[in-house]
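Notes follow the structure.
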Amino acid sequence: DAKTTQPNSMESNEEEPVHLPCNHSTISGTDYIHWYRQLPSQGPEYVIHGLTSNVNNRMASLAIAEDRKSSTLILHRATLRDAAVYYCILSASNTGNQFYFGTGTSLTVIP
Amino acid sequence: KAGVTQTPRYLIKTRGQQVTLSCSPISGHRSVSWYQQTPGQGLQFLFEYFSETQRNKGNFPGRFSGRQFSNSRSEMNVSTLELGDSALYLCASSSGASGRVFETQYFGPGTRLLVL
């Protein structure tokens, strides 16, 4: 199973940027990196994904290390609605939709 | 489009009973995956169905089974319930259009199962 390691919890002040780290030292060349988040009492929702290059979308940015052994999810301005558990996930190309979730990082946003 | 729906939302069963959970994917989606979420083990992959066939399977005992119908709706069944089966069961759908490459998964709200 592809493994990821994340801090258990992080805090951020509202309207400040948040950098959520993820280590995936056993990543293989064809593994994609995904980030999902789970708000309280909801199922996980997609945030962003990437393979090798940094990625941006309306929700966040994903910075991938050159050796791909780590990545960072960047929320540019945290809001109270961003308080959630953030999961960094690897998926292998031959098992596409079979996601292995790590323990995730619980993000607290302080008003 | 309507999102992924799961029924029932809450369920209480006793040890030894069996349970069937239902998942209706987003219209047009052909892949449905099931996950179990517990405080101790986190989110764990159970299985994935695509076009009525099981495509991937996680590391769960045979008491956990599933199926998918021709309209892509999926059910999962747990027989001989144990206390440790108490969990939030989540299903996720994806289009299935890109074959084996991953796709964005859309999760339902889950069914919370309590085994007494």
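The values are calculated or read from the model by the stated rules, or taken from the named source; none is laboratory data. No experiment lies behind these values; they were computed from the predicted model shown. Heads up, the Cβs are rebuilt from the backbone with ideal geometry, glycines too, and the neighbour counts pull from every protein chain shown. Accessible surface areas use protein heavy atoms only, side chains included; no ligands, DNA or RNA. Shrake-Rupley method; radii C 1.70, N 1.55, O 1.52, S 1.80 Å.
Charging the Cβ of each Asp and Glu at -1 and of each Lys and Arg at +1, and nothing else, the dipole of segment B:15-116 about its Cα centre rounds to 80 debye. Subtracting the Cα-Cα distance of A:Ser106 and A:Arg77 from their residue separation scaled by 0.36 nm leaves 8.8 nm. Summed for both chains, how many Å² of accessible area, to the nearest 100, are buried between B and A with a 1.4 Å probe? Chains B and A together bury roughly 1700 Å² of accessible area. For segment A:1-79, carbon and sulfur atoms together expose 46% of the accessible surface, with a 1.4 angstrom probe and every protein chain in place. Counting only Cβ charges, +1 for Lys and Arg and -1 for Asp and Glu, the dipole size of chain A around its Cα centre is about 180 debye. Over all other residues within a Cβ to Cβ distance under 10 Å of B:Gln105, the charged ones net out to -3, with Lys and Arg as +1 and Asp and Glu as -1. Counted by Cβ distance under 12 Å from A:Glu14, the other residues give a net charge of -2, where Lys and Arg count +1 and Asp and Glu count -1. If R0 equals 41 Å, the separation of the Cβ atoms of B:Ala2 and A:Ser25 corresponds to a calculated FRET efficiency of about 0.55. If you take every DSSP beta bridge fully contained in chain A, what fraction is antiparallel? Give it as a percent rounded to 5. That works out to approximately 85 percent antiparallel. Taking all protein chains as they are arranged and a probe of 1.4 Å, the heavy atoms of A:Val85 leave approximately 40 Å² accessible to solvent.
Near the amide H of A:Thr103, within less than 5 Å, lie the amide hydrogens of A:Gln6, all on another chain or at least 5 residues away, with H placed in the peptide plane. Remark: chain A carries 49 Å² of accessible area per residue (probe radius 1.4 Å; ligands, DNA and RNA excluded). Summing charges over neighbours of B:Thr14, with a neighbour being any other residue whose Cβ is under 14 Å away from its Cβ, gives 0 when K and R count +1 and D and E count -1.
Shown for segment B:16-44: residues covered by the partner protein chains by 30 Å² or more of accessible area relative to the chain by itself (probe radius 1.4 Å), namely B:Tyr35, B:Gln37, B:Leu43. Rounded to whole Å, give me the distance from the Cα center of segment B:18-41 to that of segment B:43-101. Cα centroid of segment B:18-41 versus Cα centroid of segment B:43-101: 6 Å apart.
Each residue of segment B:27-38 was assigned a 3J(HN,Hα) from its phi angle through the Karplus curve 6.51 cos²θ - 1.76 cosθ + 1.60 (θ = phi - 60°); the sequence is 3, x, 7, 10, 10, 10, 10, 10, 9, 10, 10, 10 Hz, with glycine and proline shown as x.
Projected label points at A:Ser53 and B:Arg67, each 7 Å from Cα along the beta carbon direction, are separated by 4.6 nanometres.
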